[in-house]
1. Does segment 149-157 contain any residue that is at pLDDT 95 or above, buried (at least 24 other Cβ atoms within 10 Å of the Cβ), touching a Cys at 6+ places or on another chain (Cβ under 8 Å) and under 19 Å from E199 (Cβ atoms)?
2. Here is a list: V113, V55, V81, V93. Which entry is modelled with pLDDT of 95 or more, among the aliphatic types (A, V, I, L, M) and not in a helix (DSSP H, G or I)?
3. Run R7 past the list (1) more than 15 Å from V107 (Cβ to Cβ); (2) modelled with pLDDT under 95; (3) surrounded by fewer than 17 Cβ atoms within 10 Å (Cβ to Cβ) and report the number of the one that doesn't hold.
4. Would you please list the contacts, defined by Cβ atoms under 8 Å and residues six or more apart or on different chains, that run from a residue in segment 74-93 that is of a type in the set (D, E, K, R) to a residue that is buried (at least 20 other Cβ atoms within 10 Å of the Cβ)?
5. Can you run down the residue pairs with Cβ atoms below 6 Å, 6 or more apart or on separate chains, where the first is in segment 200-224 and under 29 Å from F252 (Cα atoms) and part of a helix (DSSP H, G or I) and the partner is of a type in the set (D, E, K, R) and modelled with pLDDT of 95 or more?
6. Which numbered condition trips up Q184, out of (1) surrounded by fewer than 19 Cβ atoms within 10 Å (Cβ to Cβ); (2) under 28 Å from M241 (Cβ atoms); (3) touching a residue at least 24 places away in the same chain (Cβ under 8 Å)?
7. For segment 238-249, which residues satisfy the criterion of being surrounded by 10 or more Cβ atoms within 10 Å (Cβ to Cβ) and over 15 Å from R148 (Cα atoms)?
8. Please verify whether segment 162-171 includes one or more residues that are charged (D, E, K, R), touching a strand residue (DSSP E or B) at 6+ places or on another chain (Cβ under 6 Å) and closer than 21 Å to D236 by Cβ.
Amino acid sequence: MQWKGRRASSNVEDRRGKSGGGGLMVGGGLGVGGIVIVIIVMLLGGNPSSILNGVTSTDSGQSQAYQGTAEEEEMADFVSVVLADTEDVWSDVFKQNGKTYRNPTLVLFSGSVQSACGTASSAVGPFYCPGDEKLYIDLSFYDELKQRFKAPGDFAMAYVVAHEVGHHVQKLLGTSQKVDQLRQKLSETEYNKYSVKLELQADYYAGVWAHYEQGKNLLEQGDLDEALTAASAVGDDSIQMQARGYVVPDSFTHGTSEQRKSWFYKGFESGTIQGGDTFQGGL
């Protein structure tokens, strides 16, 4: 992807070197760490969605002198440019549909981080919190993407950012709120099916963004394959097989490798919001 020397987003919050504190995290990410629910809240009779829909965020971590490697700093610059591109693309797409896009904030962290959705560790992987409209990424994940998931390349990294921005698009369109309301009405197995549809739609929206990047001649040879490889690598079946040697389809929350690739590619070909109805009118 051609990115050097291009506009970087100003909506980046660098919290690397700060401790996120203890606790658990509520919310969904790319799928590598699964969706974690705050068990304590449920045991006390609380509603986890109240945390998901919170509007405040605190960071009580202590600042430390942080010096990333040259490679990490280049990745930080890269994701800032990718975020800027998503801002441009989604602002235009929303305008075409008579809507106004609101830019999210990208938070870079190391180790753990505090969000309006709770505290998350790097093990969760990249995630989006609808409560504060921020996407959170520990840049060490990209080493894991290359080494553990065998999905190298800068456009694999761009896919990760675009997927989380896809969740922000869902927040602005009201889709994520509708799905969250089903959490208390359905069994875990039934709710998981809607979670999969939500994640596949975020993959589709990532493909929509890539469609416009291609239209601007910013993609290089092999970029599309890098994104498709990454989408496949973080499929529920692929992750479960790698972790335990077998799969449990009823526990899927993000979709299979084939589904994730397919919906990303559909978005890439379509370039429209309308083509991403993974719910098939059933939401």
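1. The answer is no; no qualifying residue exists.
2. Working: V55 fails: modelled with pLDDT of 95 or more; V81 fails: not in a helix (DSSP H, G or I); V93 fails: not in a helix (DSSP H, G or I).
When all the criteria are applied, what remains is V113.
3. So R7 meets the others, but not (2).
4. Here the result reads D85/W209; D85/E213, each pair linking segment 74-93 to a residue that is buried (at least 20 other Cβ atoms within 10 Å of the Cβ).
5. Hits for this filter: D203/R260; Y204/K266.
6. (2)
7. Passing the criteria: V247, V248, P249.
8. Yes, some residue in segment 162-171 is charged (D, E, K, R), touching a strand residue (DSSP E or B) at 6+ places or on another chain (Cβ under 6 Å) and closer than 21 Å to D236 by Cβ.
The values are calculated or read from the model by the stated rules, or taken from the named source; none is laboratory data. Note that the coordinates shown come from a computational prediction; the quantities given were computed from them, not determined experimentally. Cβ: placed from backbone, ideal geometry, glycine included. Neighbour counts: every protein chain shown.
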